[in-house]
Amino acid sequence: MSNLDELRSAVRGRVLLPGDDGFEPAVQPWNAAVPQPAAAVVAAADADDVAALVRYARRAGVPVAAQPSGHGASGDVDGAVLLRTGRLDEVRVDAATRIARVGAGVTWGRVQEEASRHGLTGLPGSSPVVSVTGYTLGGGVGWFSRAHGWAADSVTAFEVVGGDGEPARVTADSDPELFWALRGGGGDYALVTATEFRLHPAPALYGGQMLWPMERSREVLDVFREVTAGAPAELTVWTGLLSFPGADPVIAVHATYLGEGAGEAGPGLLRPFDAIEGRLDDSRAVLPVHELGTITNEPTDPSPGLTRGELLTALDDTVVDTLLAEPIAPLLGVQLRHAGGALARPSDSPHGALTEPYILYFFGVPVSPEVTEGVVARRGALLEALGSYVAGRKPYTFLGAGERAADAFGAESLARLRAVKRARDPEGVFRSNFPVGKD
């Protein structure tokens, strides 16, 4: 990069360059296994500072890659300025209109804290430390998506800085093409500084975790299939095979029920699991909606991981046999998430309807080259054995290192997204985690 001194004077936020104290932790993404060869890191002071950075980047001919929390990083930031938006931390909830307005640095945990005071909820994923903006730009599939669809479907407006460095408010009426692209097409078209979205009623939440020894896995998966086959939209159930070093392998079930009478309806719908003997743990209870993250208790600090997400066209005996044929190690987890419900309805978003009924998710930790090789091999063997049950596309937020935007979108949507990119960012100022222009 040239004119680094000019970058320091162009913005009011903190600028870190390679070799500066604090650069390495600042440039690290959430997944510490993903290298990020960025040329600089800027922690913007506010939305005006974001605009100043974009104007600088346009003059200097360098791209800007925004990562509010570092989730979903692909490592495609070579030579780019990495933008952190943690100081854009406004959270405003209008209970009367059920509209939230949040800055680009706000995480779902903060939104849920505020929304729950009014008996409302957003549509978060499983972790409270994921940013609202990054999650929503990728579409957003979470616990309450079966009831209310993609998180992006609830967006009413974006505050953005365009490729010309000028701020704008984007709605379905003011700029329908850009609004469409930002609702699930990634962040390749403008820098979002704030997001406004509809909240949904949260009269009561029931949920928690159940654990069994791996020996019960076939029984658990059979019941999982039974329960999800007839589940109402208010109920979401996930299950996972878990194999952690030094511990006996187990199978977990995580569930939520959001709606009136959750304390009665939830247990009733999940009762078939109660017939499975040998349960090791059961944390199910009526919960405040802001404690949603306690259900899976995912780590809240960055760590290395090898992940892969896929969509499954069915969950029949063949799929179950394939998943249980051999131990999952050295993978730590193989998870199945029930989709369907509102996600399968038509959606005017880049991904469109998610008609596949299940999401398959793999997780491993690259503690050594040998383990890394083993994780990749075990994952590959499972996918090969599943064959045509793997749909061949996936939500944008489930893309991982080495994958492309084309793996998330159909040909028509991808062409439309690329047209928006050419029209709104012809100089290539913005670089998302998975750029739509890359083949």
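The values are calculated or read from the model by the stated rules, or taken from the named source; none is laboratory data. Here the structure is a predicted model, which means the values were calculated and not measured. Every residue, glycine among them, receives a Cβ derived from its backbone with ideal geometry; neighbour counts consider all protein chains shown.
What residue, among those in the range 357-381 that are out of contact with any Asp or Glu (no Cβ under 7 Å at 6 or more places or on another chain) and crowded, with 22+ Cβ neighbours inside 10 Å, is farthest from A147 (Cα to Cα)?
V375
Which one of these does V91 not meet: (1) touching an Asp or Glu at 6+ places or on another chain (Cβ under 9 Å); (2) crowded, with 19+ Cβ neighbours inside 10 Å; (3) of a type in the set (V, I, T)?
Just one mismatch for V91, condition (2).
Need a quick list: helices (runs of 4 or more DSSP H) entirely within the range 1-115 having at least 2 residues that are under 25 Å from the mean Cα position of the chain (by Cα) and modelled with pLDDT of 95 or more.
Qualifying helices (runs of 4 or more DSSP H): 23-27, 47-60.
Has the range 348-364 got at least one residue that is in contact with a Pro (Cβ under 9 Å, 6 or more places away or on another chain), over 23 Å from G186 (Cα atoms) and free of Cβ contacts under 8 Å to residues at least 40 places away in the same chain?
no
Could you check the range 15-52 and list, in sequence order, the residues that are within 20 Å of A168 (Cβ to Cβ) and either among the charged types (D, E, K, R) or touching a residue at least 60 places away in the same chain (Cβ under 8 Å) (or both)?
D46, A47, D48, D49, V50, A51, A52
Which of the residues that make up the range 131-147 are under 22 Å from F179 (Cα atoms) and either acidic (D, E) or buried (at least 24 other Cβ atoms within 10 Å of the Cβ) (or both)?
Hits for the range 131-147 are S131, V132, T133, G134, Y135, T136, L137, G138, G139, G140, V141, S145.
I need a count of the residues in the range 317-326 that are outside any helix (DSSP H, G or I) and without any contact (Cβ under 8 Å) to a residue 40 or more places away in the chain. So that I can check it myself, show each step before the final result.
Within the range 317-326, the first condition is being outside any helix (DSSP H, G or I), and the residues that meet it are 325-326.
Subset that is without any contact (Cβ under 8 Å) to a residue 40 or more places away in the chain: 326.
Number satisfying all stated conditions: 1.
Taking E384 and the conditions (1) surrounded by fewer than 13 Cβ atoms within 10 Å (Cβ to Cβ); (2) touching a Leu at 6+ places or on another chain (Cβ under 8 Å), which numbered condition does it fall short on, given that it satisfies the others?
For E384, the failing item is (2).
Between A423, A405, A377, which is within 24 Å of P35 (Cβ to Cβ), in contact (Cβ under 8 Å) with a residue 60 or more places away in the chain and among the aliphatic types (A, V, I, L, M)? Let's see the steps before the verdict.
Numbers: A423 fails: within 24 Å of P35 (Cβ to Cβ); A377 fails: in contact (Cβ under 8 Å) with a residue 60 or more places away in the chain.
That would be A405, the only listed residue that is within 24 Å of P35 (Cβ to Cβ), in contact (Cβ under 8 Å) with a residue 60 or more places away in the chain and among the aliphatic types (A, V, I, L, M).
In the range 214-237, is there at least one residue being free of Cβ contacts under 8 Å to residues at least 24 places away in the same chain and either out of contact with any Lys or Arg (no Cβ under 9 Å at 6 or more places or on another chain) or crowded, with 19+ Cβ neighbours inside 10 Å (or both)?
Scanning the range 214-237 turns up at least one residue that is free of Cβ contacts under 8 Å to residues at least 24 places away in the same chain and either out of contact with any Lys or Arg (no Cβ under 9 Å at 6 or more places or on another chain) or crowded, with 19+ Cβ neighbours inside 10 Å (or both).
Here are G400, G392: which of them is modelled with pLDDT under 95 and within 29 Å of Q28 (Cβ to Cβ)?
G400
Look at G246 and say whether it is at positive phi and either surrounded by 24 or more Cβ atoms within 10 Å (Cβ to Cβ) or of a type in the set (V, I, T) (or both).
Considered against the rule, which asks whether it is at positive phi and either surrounded by 24 or more Cβ atoms within 10 Å (Cβ to Cβ) or of a type in the set (V, I, T) (or both), G246 comes out as no.
When the range 403-435 is examined, which residues are found to be closer than 25 Å to A339 by Cα and outside any helix (DSSP H, G or I)?
Listed by number, the residues that qualify are E403, R404, A408, F409, G410, N433, F434.
Does the range 426-439 hold any residues that are in contact with an Asp or Glu (Cβ under 9 Å, 6 or more places away or on another chain), more than 16 Å from V81 (Cα to Cα) and of a type in the set (D, E, K, R), and which are they?
K438
Condition first: touching an Asp or Glu at 6+ places or on another chain (Cβ under 8 Å) and touching a residue at least 60 places away in the same chain (Cβ under 8 Å). Now tell me which residues in the range 238-258 satisfy that.
Scanning the range 238-258 gives a single hit, L258.
Return the only residue of A342, A353, A329, A314 being part of a helix (DSSP H, G or I) and either of a type outside the set (S, T, N, Q) or surrounded by 21 or more Cβ atoms within 10 Å (Cβ to Cβ) (or both). Before the answer, list the steps.
On the way: A353 fails: part of a helix (DSSP H, G or I); A329 fails: part of a helix (DSSP H, G or I); A314 fails: part of a helix (DSSP H, G or I).
Answer to the check: A342.
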